[in-house]
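Undergrad: What follows is a structure written as structure tokens; I'll ask about it next.
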Amino acid sequence: MTLLARQRRLFGLALAAILRHRSRHLPFVLFYTALVFVWASVVFCTDALKREARLLLRAAPEIVVQRLVAGRQELIAAHHLAPLQRIPGVSHVRGRLWGYHFDEATGANLTVAAANDSRLAPGEVAIGRGVARLLGADAGETISLRDTHGDARSFRVAEVFSAASELATADLIEMTPADLRLLLGVPEGFFTDIALRVANENERRVVAAKIRSLVPESRAILREDIARTYEELFDWRAGLLFWVFSSLAAALLVFAWDQAAGIGGEEKREIGILKAVGWEIPEVLALKTWESLIIASACFLGGMTLAYVHVFSAGALLFAPLLKGWAVLYPRFALVPAIDPPQILLLFGVAVVPYLAATGVPCWRAAAAEPEQLLRQA
Amino acid sequence: MIVADRVTKIFNRGRPEEFTALSGVSLTITAGEAVVLMGPSGSGKTTLLSILGALSRPTSGRVQVEGREITRLPEKSLSSIRRRTFGFVFPQPHLVRGMRVIDNVMLPALPVREPEDGLRERAQKLLERLGLGCRARARAETLSSGEAQRVALARALIFEPKIVIADEPTAHLDTARASELIALLASLPAEGKTLVIASHDPLVAEAPFVDRILPMRDGRLLKPDLSP
């Protein structure tokens, strides 16, 4: 008989044993599954948010220059474009127009930006899925926005952004630069900020230092700094949740130990029979390990599946306010499914291995007892 | 051959509830012999059987099985002896619920590296011999008490042990079922198997295949065993 066939026999026996004692296992299985569900939800949610953030930043310029007045961002004059373009290492400079638009009817604060290209005609907008949901508008329909004078201006929805990067576009309305200047009251000769392309990674901090000397009232924001901030922000939030749920994990291990240590009369009798008919300690342990592995794997898979549905179908209903931050308020955005295999392996290690270790010792104790003693106790 | 030399077993030693179950029991059982340990509850029959069958270790004294002292053997060797040398029948069948009859018979051999087909064939033959061939695929919990005890006997015989140890095998059977089981046990010494039974059932004690009766009380043999 091959090793595989032998393990298959033990697996079948372990599965039958779990089903026989299902009422004893049920509360533990529910608790374990719930814990994996919570952990996996946090991991899925954080990973998806990070992925969205990375997608968002991939298209972002390497450096953004903003003018500050009294510590707040102000419009920046267009005459700064030429000196910035002359800095060695800078391949392209572009003035950007963007701002916020508060929609009174829905209470949402929307991002309005000028399109980079000429795909939009005057009076046309491209909107994010969150805006589309919020305003109930689809491609071809018309939306109305109030300009800085309080006058309503109508725009035809030429495009609704794809769901692929909803974190970046959920609350976005894009229009022509001229329409945006009228809507937000940005005068000609000014931009919201200036975007710079610097291909060489090693030159970016040097370029940033030169920008500060050329435009002293400005700040230069590097893309990698934003990326790091996002990562740290989401990691911090996820870490917070992990700490909260670590106490639950400790409770799980205590529960697992108690469960395994408190082997009932029926199970003692079964181990006693196995030993009486000649099973060796490692064979009994292999059987018990299979039992633990089946329980742990079932709970792991169950918890992961529930978490996947929770995060990617139900919008991470339970943890979104903490993990997404402001973005959860208005407008809502859906997370795009993204699974990171190393993270799954890590979760498996965190959720399953300690459980196997916690159940191993009590099982070994039972397996090492004399058959006569086990049968007597049963 | 089984030789027990001044075997004593004390439970909960050093505690207020200390209890001496066996006190200096010596006996010799020759190969192919059928011996019945008789005595009331608490006389030490089950404890003596468990020590003779390597299910537990004595507090003091020695036990030899086929010339090999088993009292100081490591657990791994004891497991091997339990599997290959002994077959056990308990007062209750102790079948694993939810498992099929034939799988219960094969239980001792499940972790052993032995081809499944041969093992299954052997289990099926055993069940047929014990009149349960048609029940091989039934679930253990669907058997009557008599059938279950016969399955337990089949399980004890799966490795064709030299020694069969039966502890009150008829305790939970009515007279008809008990007689059936005794008839099955009776065939074992003829095959050269040694049979050690603990029972207070007269049906067992009076069975013609029994060579010797060893009466017990209060953890001692009432008559010293003078066998060679």
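Taken together, the values in this text are just the output of simple stated rules run on the coordinates, not laboratory data. Everything numeric here is computed off the predicted structure, so don't read it as measured data. Please note: Cβ atoms are built from the backbone with ideal geometry, for glycine as well, and neighbour counts cover all protein chains shown.
Undergrad: Mind sorting B:VAL210, B:VAL89 by how few other Cβ atoms lie within 10 Å of their own Cβ, fewest first?
TA: Fewest-to-most Cβ neighbours within 10 Å comes out as B:VAL210, B:VAL89.
Undergrad: For A:ALA316, what residues show an amide H to amide H distance below 5 Å, using hydrogens built from the backbone and excluding near sequence neighbours?
TA: Distant-sequence amide H within range of A:ALA316: A:VAL311.
Undergrad: Hey, another quick one. If I take R0 = 45 Å and measure r between the Cβ atoms of A:ARG8 and B:ARG217 in this structure, what FRET efficiency does the formula 1/(1 + (r/R0)^6) give, to the nearest 0.05?
TA: E(calc), rounded to 0.05, equals 0.35.
Undergrad: Output the antiparallel fraction of DSSP beta bridges having both residues in chain B, as a percent to the nearest 5.
TA: If we restrict to bridges inside chain B, about 50 percent are antiparallel.
Undergrad: B:GLY42: net charge of surrounding residues, Cβ under 11 Å, Lys/Arg +1, Asp/Glu -1, itself excluded?
TA: With Lys, Arg at +1 and Asp, Glu at -1, the net is +1.
Undergrad: Right, here's the next one. Please identify the GluC sites (Glu not before Pro) of the range B:1-86 that satisfy two criteria: DSSP loop assignment and at most 11 other Cβ atoms within 10 Å. Which are they?
TA: B:GLU17, B:GLU18
Undergrad: Sticking with this one: Calculate how steeply helix B:116-129 sits against the longest principal axis of the alpha-carbon atoms of chain B, using the helix alpha-carbon long axis, and give the answer as 0 to 90 degrees to the nearest 10.
TA: 80 degrees
Undergrad: Run the quick spin-label model on A:VAL69 and A:VAL353: label points 7 Å from Cα toward the beta carbon, then report their separation in nm to one decimal.
TA: Calculated label separation equals 5.8 nm.
Undergrad: Counting partner chain Cβ atoms within 10 Å of every residue's Cβ in B:75-82, what's the average?
TA: Average neighbour count from other chains, rounded to a whole number: 5.
Undergrad: Work out which trypsin sites (Lys or Arg not before Pro) in chain B are exposed loop sites (DSSP not H, G, I, E or B, at most 15 other Cβ within 10 Å) and give the longest gap free of them.
TA: B:138-228
Undergrad: Per residue of chain A, what 222 nm ellipticity follows from adding -39500 (n - 2.57) for every DSSP H run with n ≥ 4, rounded to the nearest 500?
TA: -19000 deg cm²/dmol
Undergrad: Same structure again: May I ask you to list the GluC sites (Glu not before Pro) in the range A:200-235 that are in a DSSP loop and have at most 13 other Cβ atoms within 10 Å of their Cβ?
TA: Filter output for the range A:200-235: A:GLU217.
Undergrad: Let me ask another. Run the quick spin-label model on B:ARG15 and A:GLU188: label points 7 Å from Cα toward the beta carbon, then report their separation in nm to one decimal.
TA: About 9.8 nm separates the two model spin labels.
Undergrad: Per-residue mean of other chain beta-carbon atoms within 10 angstrom of the beta-carbon, peptide B:111-119?
TA: The shielding value for this peptide is 4.
Undergrad: Sticking with this one: Using the number of other C-beta atoms within 10 angstrom as an exposure proxy, rank B:SER199, A:SER118, A:SER292 with the fewest first.
TA: A:SER118, A:SER292, B:SER199
Undergrad: Based on the alpha-carbon gyration tensor of the range B:1-133 and its eigenvalue square roots a ≥ b ≥ c, which shape applies: rounded if a/c is under 1.5, prolate if not and a/b is larger than b/c, or oblate?
TA: Verdict is prolate for the range B:1-133.
Undergrad: So which lysines pass the test for A:LYS288, namely a Cα distance under 17 Å, with those fewer than 8 places away in the same chain ruled out?
TA: The reachable lysines, counting only those whose Cα sits under 17 Å from A:LYS288, are A:LYS268, A:LYS275.
Undergrad: If you rank A:TYR32, A:TYR100, A:TYR230 by fewest surrounding Cβ atoms within 10 Å, what's the result?
TA: Taking fewest neighbouring Cβ atoms as first place, the list is A:TYR100, A:TYR230, A:TYR32.
Undergrad: Working from Cα positions, state the angle (0 to 90°, nearest 10) between the long axis of helix A:281-312 and the longest principal axis of chain A.
TA: Approximately 30 degrees, to the nearest ten.
Undergrad: Still on this structure, I have one more. Just to confirm a number: summing +1 for Lys and Arg and -1 for Asp and Glu over residues other than A:ARG67 whose beta-carbon lies under 13 angstrom from that of A:ARG67, what do you get?
TA: +1
Undergrad: Counting partner chain Cβ atoms within 10 Å of every residue's Cβ in B:53-65, what's the average?
TA: For this peptide, the per-residue mean of nearby foreign Cβ atoms is 2.
Undergrad: Tell me the angle of helix A:341-368 to the major Cα principal axis of chain A, expressed in degrees between 0 and 90 and rounded to the nearest ten.
TA: Between helix and principal axis, roughly 20 degrees.
Undergrad: Quick one: which of A:76-89, A:56-69 comes out on top by average Cβ neighbours within 10 Å, and what's the full order, highest first?
TA: Listed from highest to lowest mean packing, they are A:56-69, A:76-89.
Undergrad: Quick one: length gained pulling A:VAL29 to A:SER144 fully straight, 0.36 nm per residue minus the C-alpha distance?
TA: That works out to 36.1 nm of additional length.
Undergrad: Lysine pairs in chain B 8 or more apart or on different chains: how many have alpha carbons under 28 angstrom apart?
TA: Pairs that pass both the separation and distance tests number 16.
Undergrad: List the residues, sorted by chain then number, that are 5 or more residues from B:ILE213 or on another chain and whose placed amide H is less than 5 Å from its amide H.
TA: B:VAL36
Undergrad: Follow-up question, since we're still on this one. Please report the net charge: other residues with Cβ closer than 14 Å to the Cβ of B:PRO161, K and R +1, D and E -1.
TA: Here the count lands on +4.
Undergrad: Related question: Just check the range B:122-198 against the gyration tensor rule for me: Cα atoms, a ≥ b ≥ c as the square roots of the eigenvalues, rounded for a/c under 1.5, and otherwise prolate or oblate depending on whether a/b exceeds b/c.
TA: The shape class here is oblate.
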